[in-house]
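I have placed the structure first, in the form of structure tokens, so that the comments after it can refer back to it.
Coordinate-derived values only; no laboratory data. In this text, all values refer to a predicted model and were calculated from it rather than measured experimentally. When we count neighbours, we look across all protein chains shown, and the Cβ atoms used for this are built from the backbone with ideal geometry, even at glycine.
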Amino acid sequence: MMLHKDLNKQVVDALRSCVLFSAMDEHQFARVLSMSELIQKQADQMIFQQGMDLTHIYYVYDGAVKLGRGTLKGDEKIIDVVFAGNTFAEGVLFAGAPKYPVTATALKASVIVGIQAKPFLQLLKSSADLCINMLGHLSVRLHWMVNELDKQTLHNASFRVIDYFLSQVSADITASYQLKLAVPKRDIASRLSIKPETFSRALKALEKRSLIEVKEKKIILNHVAQLRSLLETEAL
């Protein structure tokens, strides 16, 4: 397969394993590569701004990207944090919206693949099977968003914090685990729809219960299996 001049084999392999592209045949995937470009952003650099015309969808190869919206008070509400291995803005494209509804900003040095939106949409229109696979992808995403809404409206801050931490821990880990925070605590608080001071109080309360240890940008989850059990029984 001919590689796009900007994409090395590691990036291409990562793209190939992404749910959005994994069902494509070699010809279809080659077309995706031909409409793709590698983008490197430093921390706090903007990828696109709320209200700009939609031109690309994106895949995060390395780093983290926050998606946020401005509020009437001039504050920023973080809608999502997209980590490596995930895509963003494809939902906007599939919905037929002409403009980005959020602002995308790199939270740290990040490597991103931008895929031209209109050619990608034309590719999907050429294959009913591909469209069905995309519906599956969007269905999974929709269920995730509904679950997130439930967590942010039905559960307290401690529950949300532990759920966020565990979302970054592999399923096979059951003992203690050291987690390095990839984004600032204030951004995590916004993502969880709690105030920064509430986030800090939740961390202290969890520390007091010996469930976690906080060491600057590192969080030690003292017993992952126990934390999962507490989430399942809503005992936080």
Most exposed first by the Cβ proxy, i.e. fewest other Cβ within 10 Å, how do 170, 34 rank? 170, 34
When 173, 219 are arranged by how many other beta-carbons sit within 10 Å of their Cβ, fewest first, they go 173, 219
May I ask for the net charge around residue 65, where only other residues with Cβ less than 15 Å from the Cβ of residue 65 are counted and Lys, Arg are +1 while Asp, Glu are -1? -1
Which percent of Cα-Cα pairs in the chain sits in each 5 Å bin, short to long? 1, 6, 12, 16, 17, 16, 12, 10, 6, 3, 1, 0
Place +1 on the Cβ of every Lys and Arg and -1 on the Cβ of every Asp and Glu in the chain, take the dipole about the Cα centre, and give the residue among 214, 57, 20 whose Cα lies farthest towards its positive end. 214
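So, counting K/R as plus one and D/E as minus one, what does the shell of residues with Cβ under 15 Å around residue 103 add up to? Show your work: numbers first, answer last.
On the way: positive: 41, 66, 69, 77, 99, 191; negative: 44, 53, 75, 76, 80, 187.
Once all neighbours under 15 Å are counted, the net charge is 0.
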Between 103, 55, 71, find the one with the highest GNM mean-square fluctuation for the chain; connect C-alpha pairs within less than 10 Å. 71
Coil-residue trypsin sites (Lys or Arg not before Pro) of the range 34-130, DSSP, other Cβ within 10 Å capped at 16: 73, 108
Determine, for 59, 100, 177, the number of other Cβ atoms within 10 Å of each Cβ, and report the residues in order from fewest to most. 177, 100, 59
Distance violations [Cα-Cα > 26 Å] among 77/217; 77/180; 41/215; 41/185; 77/204: 41/215
Report the net charge of residues surrounding residue 171, where surrounding means a beta-carbon distance below 15 angstrom and charges are Lys +1, Arg +1, Asp -1, Glu -1. -2
